[in-house]
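What follows is a short report on a single structure.
The values are calculated or read from the model by the stated rules, or taken from the named source; none is laboratory data. Since the model is a prediction, treat every value here as computed from it, not as a measurement. Here the Cβ positions follow ideal geometry from the backbone for every residue, glycine too, while neighbour counts run over all protein chains shown. For the accessible areas, the whole protein counts, side chains as well, though only heavy atoms, and no ligand, DNA or RNA atoms are used. Shrake-Rupley method; radii C 1.70, N 1.55, O 1.52, S 1.80 Å.
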Amino acid sequence: AVVSTQSTGGEYSYLGTTLRQANIEPMPSLSDVRRVITEYGILPMGSQTVHETAPHVKSIMIAGPHGTGKRMLVNAICSELGANLIDLTAENICGRYPGKAGLTMLLHLVMKVGKLLQPTVVYIGNAEKTFVKKVPKNDMSDPKRLKKELPKIIKKLSPEDRILFVGTSLTPWDADVKSLCQCYQKIVLIPRPDYASRFLLFKELILRNGGRLAPTLDLSSLAKISDGYTPGHIITAVKHVLTERRVQQLHRKPLTALEFVTPLARIDPIYKEEEEQFKKWYSKTPLGKKRAKLKAEEEEGEGGGKGKSAKGGKKKGKGKKKKKKK
(Lines give C-alpha, C1' and ligand atoms only; values in the text may rest on other atoms or scores of the structure.)
Protein backbone atom coordinates (compact mmCIF):
# COMPACT_ATOMS: atom_id res chain seq x y z
CA ALA A 1 0.00 0.00 0.00
CA VAL A 2 1.13 3.57 -0.76
CA VAL A 3 1.97 5.46 2.43
CA SER A 4 2.22 9.26 2.50
CA THR A 5 3.73 11.45 5.21
CA GLN A 6 0.23 12.74 6.04
CA SER A 7 -0.98 9.20 6.82
CA THR A 8 1.62 8.98 9.61
CA GLY A 9 -0.71 11.25 11.66
CA GLY A 10 0.16 13.56 14.52
CA GLU A 11 -0.73 17.11 15.50
CA TYR A 12 1.42 20.22 16.02
CA SER A 13 2.42 20.94 19.64
CA TYR A 14 0.99 24.35 20.57
CA LEU A 15 2.34 24.15 24.13
CA GLY A 16 6.01 23.98 23.06
CA THR A 17 6.71 27.73 23.33
CA THR A 18 4.86 28.01 26.67
CA LEU A 19 6.93 25.16 28.14
CA ARG A 20 10.20 26.73 26.91
CA GLN A 21 9.27 30.01 28.61
CA ALA A 22 8.94 28.04 31.86
CA ASN A 23 12.47 26.54 31.27
CA ILE A 24 11.03 23.10 30.41
CA GLU A 25 12.34 21.52 27.20
CA PRO A 26 9.33 19.92 25.44
CA MET A 27 9.51 16.62 23.56
CA PRO A 28 8.96 17.01 19.79
CA SER A 29 5.48 16.22 18.51
CA LEU A 30 4.71 13.75 15.71
CA SER A 31 4.10 16.77 13.46
CA ASP A 32 7.67 17.99 14.16
CA VAL A 33 9.06 14.55 13.26
CA ARG A 34 7.13 14.57 9.98
CA ARG A 35 8.47 18.06 9.15
CA VAL A 36 12.09 17.06 9.89
CA ILE A 37 11.80 13.90 7.73
CA THR A 38 10.35 16.02 4.90
CA GLU A 39 13.15 18.62 5.16
CA TYR A 40 16.06 16.16 5.46
CA GLY A 41 14.83 13.19 3.44
CA ILE A 42 12.12 14.09 0.95
CA LEU A 43 12.69 17.65 -0.32
CA PRO A 44 16.42 17.32 -1.22
CA MET A 45 15.94 13.88 -2.80
CA GLY A 46 12.95 14.99 -4.88
CA SER A 47 14.98 17.30 -7.12
CA GLN A 48 18.47 16.85 -8.57
CA THR A 49 19.08 20.64 -8.50
CA VAL A 50 18.00 20.96 -4.85
CA HIS A 51 20.06 17.90 -3.90
CA GLU A 52 23.20 19.40 -5.42
CA THR A 53 22.75 22.88 -3.88
CA ALA A 54 21.17 22.14 -0.47
CA PRO A 55 23.22 20.81 2.50
CA HIS A 56 24.02 17.20 1.63
CA VAL A 57 22.29 14.78 4.01
CA LYS A 58 23.60 11.28 3.27
CA SER A 59 22.12 9.32 6.16
CA ILE A 60 19.33 9.54 8.75
CA MET A 61 18.61 7.38 11.76
CA ILE A 62 15.08 7.17 13.16
CA ALA A 63 14.99 6.03 16.80
CA GLY A 64 11.98 5.45 19.00
CA PRO A 65 9.99 2.93 21.07
CA HIS A 66 8.11 0.00 19.52
CA GLY A 67 5.01 1.00 17.54
CA THR A 68 5.93 4.67 16.94
CA GLY A 69 5.94 4.25 13.13
CA LYS A 70 9.66 4.13 12.24
CA ARG A 71 9.28 1.70 9.32
CA MET A 72 6.14 3.55 8.20
CA LEU A 73 8.19 6.76 7.86
CA VAL A 74 10.73 4.90 5.69
CA ASN A 75 7.88 3.67 3.46
CA ALA A 76 6.47 7.23 3.37
CA ILE A 77 9.83 8.62 2.14
CA CYS A 78 9.85 6.02 -0.67
CA SER A 79 6.21 6.67 -1.60
CA GLU A 80 6.60 10.47 -1.70
CA LEU A 81 9.76 10.21 -3.85
CA GLY A 82 8.77 7.22 -5.97
CA ALA A 83 12.12 5.84 -4.80
CA ASN A 84 13.48 2.30 -4.91
CA LEU A 85 13.97 0.60 -1.55
CA ILE A 86 17.03 -1.59 -0.93
CA ASP A 87 16.90 -3.51 2.36
CA LEU A 88 20.33 -4.10 3.96
CA THR A 89 18.99 -5.27 7.33
CA ALA A 90 21.30 -7.91 8.90
CA GLU A 91 18.55 -10.58 8.87
CA ASN A 92 17.83 -9.89 5.18
CA ILE A 93 21.42 -10.26 3.92
CA CYS A 94 22.34 -13.14 6.27
CA GLY A 95 23.78 -16.05 4.28
CA ARG A 96 23.85 -14.05 1.03
CA TYR A 97 27.13 -13.07 -0.71
CA PRO A 98 29.30 -14.83 1.91
CA GLY A 99 32.90 -13.89 2.65
CA LYS A 100 34.80 -10.65 2.19
CA ALA A 101 34.65 -10.84 -1.64
CA GLY A 102 30.90 -11.50 -1.46
CA LEU A 103 30.33 -8.45 0.77
CA THR A 104 32.36 -6.25 -1.62
CA MET A 105 30.22 -7.51 -4.53
CA LEU A 106 26.99 -6.90 -2.58
CA LEU A 107 27.87 -3.28 -1.77
CA HIS A 108 29.10 -2.71 -5.34
CA LEU A 109 25.75 -3.90 -6.71
CA VAL A 110 23.80 -1.79 -4.17
CA MET A 111 25.66 1.38 -5.19
CA LYS A 112 25.53 0.60 -8.93
CA VAL A 113 21.78 -0.14 -8.96
CA GLY A 114 21.14 2.77 -6.55
CA LYS A 115 22.87 5.26 -8.86
CA LEU A 116 21.21 3.91 -12.03
CA LEU A 117 17.69 3.93 -10.51
CA GLN A 118 17.80 7.21 -8.55
CA PRO A 119 16.31 8.24 -6.17
CA THR A 120 17.15 5.26 -3.93
CA VAL A 121 16.57 4.65 -0.23
CA VAL A 122 18.84 2.09 1.45
CA TYR A 123 17.07 0.80 4.56
CA ILE A 124 18.86 -0.74 7.56
CA GLY A 125 16.54 -2.09 10.27
CA ASN A 126 17.85 -2.41 13.85
CA ALA A 127 20.68 -0.04 12.91
CA GLU A 128 22.21 -0.25 16.39
CA LYS A 129 23.12 -3.94 15.82
CA THR A 130 25.78 -2.94 13.26
CA PHE A 131 27.71 -1.09 16.00
CA VAL A 132 26.61 -3.17 18.98
CA LYS A 133 29.22 -3.49 21.75
CA LYS A 134 28.63 -7.23 22.26
CA VAL A 135 26.68 -9.51 19.91
CA PRO A 136 24.25 -11.87 21.74
CA LYS A 137 25.11 -15.58 21.41
CA ASN A 138 21.65 -16.42 20.01
CA ASP A 139 21.96 -13.83 17.18
CA MET A 140 23.01 -15.76 14.07
CA SER A 141 22.50 -12.88 11.58
CA ASP A 142 26.10 -11.57 11.83
CA PRO A 143 24.93 -7.97 12.57
CA LYS A 144 28.46 -6.45 12.59
CA ARG A 145 29.10 -7.51 8.99
CA LEU A 146 28.68 -3.96 7.64
CA LYS A 147 30.48 -2.20 10.51
CA LYS A 148 33.64 -1.24 8.58
CA GLU A 149 32.18 -0.91 5.07
CA LEU A 150 28.99 1.07 5.79
CA PRO A 151 30.65 4.34 6.96
CA LYS A 152 33.04 4.15 3.96
CA ILE A 153 30.32 3.91 1.28
CA ILE A 154 28.24 6.64 2.95
CA LYS A 155 31.31 8.92 3.02
CA LYS A 156 31.90 8.34 -0.73
CA LEU A 157 28.42 9.61 -1.69
CA SER A 158 28.56 12.86 -3.70
CA PRO A 159 25.81 15.51 -4.10
CA GLU A 160 25.09 14.09 -7.59
CA ASP A 161 24.06 10.74 -6.04
CA ARG A 162 20.45 10.81 -4.88
CA ILE A 163 20.93 7.93 -2.47
CA LEU A 164 19.77 8.14 1.15
CA PHE A 165 20.70 5.67 3.89
CA VAL A 166 17.94 5.36 6.52
CA GLY A 167 18.35 3.30 9.67
CA THR A 168 15.77 2.55 12.36
CA SER A 169 16.52 1.66 15.97
CA LEU A 170 14.51 0.39 18.92
CA THR A 171 17.40 0.31 21.44
CA PRO A 172 20.09 2.76 20.21
CA TRP A 173 21.93 2.72 23.58
CA ASP A 174 23.11 -0.85 22.82
CA ALA A 175 25.48 0.55 20.18
CA ASP A 176 28.71 2.53 20.50
CA VAL A 177 27.52 6.17 20.34
CA LYS A 178 30.61 7.49 18.54
CA SER A 179 30.55 4.87 15.74
CA LEU A 180 26.79 5.18 15.29
CA CYS A 181 26.87 8.99 15.03
CA GLN A 182 29.81 8.90 12.60
CA CYS A 183 27.70 6.73 10.29
CA TYR A 184 24.37 8.60 10.59
CA GLN A 185 24.45 12.38 10.05
CA LYS A 186 20.99 13.13 11.40
CA ILE A 187 19.25 11.42 14.28
CA VAL A 188 15.47 11.78 14.57
CA LEU A 189 13.93 10.77 17.89
CA ILE A 190 10.26 9.78 17.72
CA PRO A 191 8.45 10.45 21.01
CA ARG A 192 5.25 8.89 22.28
CA PRO A 193 2.30 10.97 20.96
CA ASP A 194 1.00 13.88 23.03
CA TYR A 195 -2.69 14.58 23.81
CA ALA A 196 -3.38 16.48 20.56
CA SER A 197 -1.79 13.75 18.42
CA ARG A 198 -3.70 10.96 20.22
CA PHE A 199 -7.00 12.84 19.77
CA LEU A 200 -6.31 13.22 16.04
CA LEU A 201 -5.15 9.59 15.69
CA PHE A 202 -8.30 8.18 17.30
CA LYS A 203 -10.52 10.41 15.17
CA GLU A 204 -8.80 9.52 11.86
CA LEU A 205 -8.41 5.80 12.58
CA ILE A 206 -12.04 5.34 13.65
CA LEU A 207 -13.26 6.99 10.43
CA ARG A 208 -10.72 5.08 8.30
CA ASN A 209 -11.89 1.73 9.72
CA GLY A 210 -15.57 2.33 8.96
CA GLY A 211 -16.57 3.89 12.30
CA ARG A 212 -18.77 6.94 12.95
CA LEU A 213 -18.23 9.83 15.35
CA ALA A 214 -21.28 10.00 17.59
CA PRO A 215 -22.09 12.21 20.65
CA THR A 216 -21.72 9.06 22.81
CA LEU A 217 -18.03 8.79 21.80
CA ASP A 218 -15.95 10.97 24.14
CA LEU A 219 -12.70 11.32 22.15
CA SER A 220 -11.26 13.84 24.62
CA SER A 221 -11.41 11.37 27.54
CA LEU A 222 -10.14 8.58 25.29
CA ALA A 223 -7.11 10.67 24.29
CA LYS A 224 -6.49 11.53 27.96
CA ILE A 225 -6.52 7.94 29.29
CA SER A 226 -4.36 6.63 26.40
CA ASP A 227 -1.29 8.64 27.51
CA GLY A 228 1.82 6.53 26.95
CA TYR A 229 0.39 4.49 24.09
CA THR A 230 2.03 4.67 20.66
CA PRO A 231 0.25 5.01 17.27
CA GLY A 232 0.81 1.26 16.77
CA HIS A 233 -1.02 0.50 20.03
CA ILE A 234 -3.92 2.80 19.07
CA ILE A 235 -4.22 1.14 15.62
CA THR A 236 -4.39 -2.30 17.32
CA ALA A 237 -7.11 -1.12 19.74
CA VAL A 238 -9.23 0.51 16.98
CA LYS A 239 -9.02 -2.58 14.73
CA HIS A 240 -9.93 -4.82 17.69
CA VAL A 241 -13.13 -2.82 18.35
CA LEU A 242 -14.20 -2.00 14.79
CA THR A 243 -14.75 -5.50 13.47
CA GLU A 244 -17.01 -6.08 10.44
CA ARG A 245 -19.89 -7.09 12.72
CA ARG A 246 -19.46 -4.01 14.97
CA VAL A 247 -19.44 -1.65 11.95
CA GLN A 248 -22.80 -3.13 10.81
CA GLN A 249 -24.29 -2.45 14.28
CA LEU A 250 -23.26 1.25 14.35
CA HIS A 251 -26.62 2.58 13.09
CA ARG A 252 -28.45 1.19 16.17
CA LYS A 253 -25.58 1.01 18.68
CA PRO A 254 -23.19 4.01 18.45
CA LEU A 255 -19.57 3.75 19.57
CA THR A 256 -18.56 4.63 23.13
CA ALA A 257 -15.13 5.40 24.59
CA LEU A 258 -15.50 2.50 27.05
CA GLU A 259 -15.24 -0.05 24.22
CA PHE A 260 -11.62 1.00 23.52
CA VAL A 261 -10.51 0.76 27.18
CA THR A 262 -10.38 -3.09 27.32
CA PRO A 263 -8.11 -3.60 24.25
CA LEU A 264 -5.83 -0.77 25.45
CA ALA A 265 -5.59 -2.31 28.93
CA ARG A 266 -4.16 -5.51 27.39
CA ILE A 267 -1.22 -3.59 25.89
CA ASP A 268 1.80 -2.39 27.87
CA PRO A 269 2.28 1.37 27.32
CA ILE A 270 5.59 3.22 26.94
CA TYR A 271 6.61 3.92 30.52
CA LYS A 272 8.32 7.14 31.57
CA GLU A 273 11.55 5.22 32.36
CA GLU A 274 11.88 4.10 28.73
CA GLU A 275 11.24 7.63 27.45
CA GLU A 276 13.87 8.98 29.87
CA GLN A 277 16.32 6.35 28.59
CA PHE A 278 15.87 7.68 25.04
CA LYS A 279 16.37 11.26 26.27
CA LYS A 280 19.51 10.28 28.20
CA TRP A 281 20.95 8.50 25.15
CA TYR A 282 20.14 11.44 22.84
CA SER A 283 21.97 13.84 25.18
CA LYS A 284 25.18 11.82 24.55
CA THR A 285 24.97 12.26 20.74
CA PRO A 286 26.80 15.20 19.04
CA LEU A 287 23.45 16.88 18.26
CA GLY A 288 22.31 16.46 21.86
CA LYS A 289 25.61 17.87 23.23
CA LYS A 290 25.42 20.84 20.83
CA ARG A 291 21.88 21.58 21.98
CA ALA A 292 22.86 21.40 25.66
CA LYS A 293 25.82 23.72 25.02
CA LEU A 294 23.62 26.33 23.31
CA LYS A 295 21.13 26.15 26.17
CA ALA A 296 23.92 26.63 28.74
CA GLU A 297 25.29 29.64 26.80
CA GLU A 298 21.82 31.23 26.71
CA GLU A 299 21.43 30.75 30.48
CA GLU A 300 24.91 32.20 31.12
CA GLY A 301 24.10 35.20 28.92
CA GLU A 302 20.92 35.87 30.87
CA GLY A 303 22.70 35.44 34.22
CA GLY A 304 25.64 37.63 33.14
CA GLY A 305 23.29 40.44 32.09
CA LYS A 306 21.60 40.41 35.49
CA GLY A 307 24.93 40.43 37.33
CA LYS A 308 26.23 43.43 35.41
CA SER A 309 23.09 45.47 36.07
CA ALA A 310 23.31 44.65 39.79
CA LYS A 311 26.97 45.72 39.98
CA GLY A 312 26.19 48.91 38.09
CA GLY A 313 23.48 49.76 40.60
CA LYS A 314 25.89 49.40 43.55
CA LYS A 315 28.51 51.68 41.98
CA LYS A 316 25.96 54.44 41.44
CA GLY A 317 24.86 54.20 45.06
CA LYS A 318 28.46 54.63 46.30
CA GLY A 319 28.91 57.68 44.07
CA LYS A 320 25.91 59.39 45.56
CA LYS A 321 27.16 58.85 49.13
CA LYS A 322 30.53 60.46 48.30
CA LYS A 323 28.77 63.55 46.95
CA LYS A 324 26.83 63.91 50.20
CA LYS A 325 30.04 63.84 52.28
CA LYS A 326 31.53 66.69 50.22
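Only Cα pairs under 8 Å and 6+ residues apart enter the sum, and on that basis the relative contact order of segment 61-153 stands at 32 percent. Remark on ILE62: its backbone amide H falls under 5 Å from those of GLY167, THR168, SER169, VAL188, a criterion applied only to residues 5 or more positions apart or on other chains, H modelled at 1.01 Å from N. Residue by residue, segment 139-156 carries 3J(HN,Hα) couplings of 8, 9, 8, 6, x, 8, 4, 9, 4, 7, 7, 4, x, 5, 6, 5, 4, 6 Hz when phi is fed to the Karplus relation 6.51 cos²θ - 1.76 cosθ + 1.60 (θ = phi - 60°); x denotes Gly or Pro.
Qualifying trypsin sites (Lys or Arg not before Pro) in segment 202-231, where qualification requires a DSSP coil assignment and no more than 15 other C-beta atoms within 10 Å, comprise ARG212. Kirkwood-type hydrodynamic radius, segment 126-186: 12.4 Å, calculated from all non-identical alpha-carbon pairs. Per-residue SASA remark: CYS94, around 60 Å² accessible (1.4 Å probe; ligands, DNA and RNA not included). The Kirkwood hydrodynamic radius of segment 93-225, based on inverse pair distances between different Cα atoms, is 18.2 Å. Note: relative contact order over segment 90-217, using C-alpha pairs below 8 Å and six or more positions apart, is 28 percent. Considering every alpha-carbon pair of segment 79-139, the percent of pairs per 10 Å bin, from zero through the bin containing the longest distance, is 19, 44, 30, 7. The apolar share of the surface of segment 253-296, taken as the fraction of accessible area on carbon and sulfur atoms (1.4 Å probe, ligands and nucleic acids excluded), comes to 60 percent. Could you please state, rounded to a whole Å, how far the C-alpha centre of segment 114-164 is from the C-alpha centre of segment 172-234? With segment 114-164 and segment 172-234 each reduced to a Cα centre, they are spaced 27 Å.
Among the listed pairs LYS203/LYS239; LYS70/LYS152; LYS155/LYS293, those with a Cα-Cα distance over 20 Å are LYS70/LYS152; LYS155/LYS293.
The calculated FRET efficiency for the pair LYS148 and LEU287, based on their C-beta separation and a Förster distance of 22 Å, comes to about 0.35. Note on segment 169-246: with neighbouring protein chains present and a 1.4 Å probe, carbon and sulfur make up 53 percent of its accessible heavy-atom surface. Taking 20 °C and 1.002 mPa s as conditions, segment 51-102 diffuses translationally at an estimated 153 µm²/s according to Stokes-Einstein applied to its Kirkwood radius (Cα pairs). Toward the positive end of the charge dipole of segment 82-145, with +1 on the Cβ of Lys and Arg and -1 on the Cβ of Asp and Glu, the farthest Cα among SER141, VAL122, GLY99 is that of GLY99.
Solvent-accessible surface of segment 156-275, averaged per residue with a 1.4 angstrom probe and all protein chains in place: 50 square angstrom.
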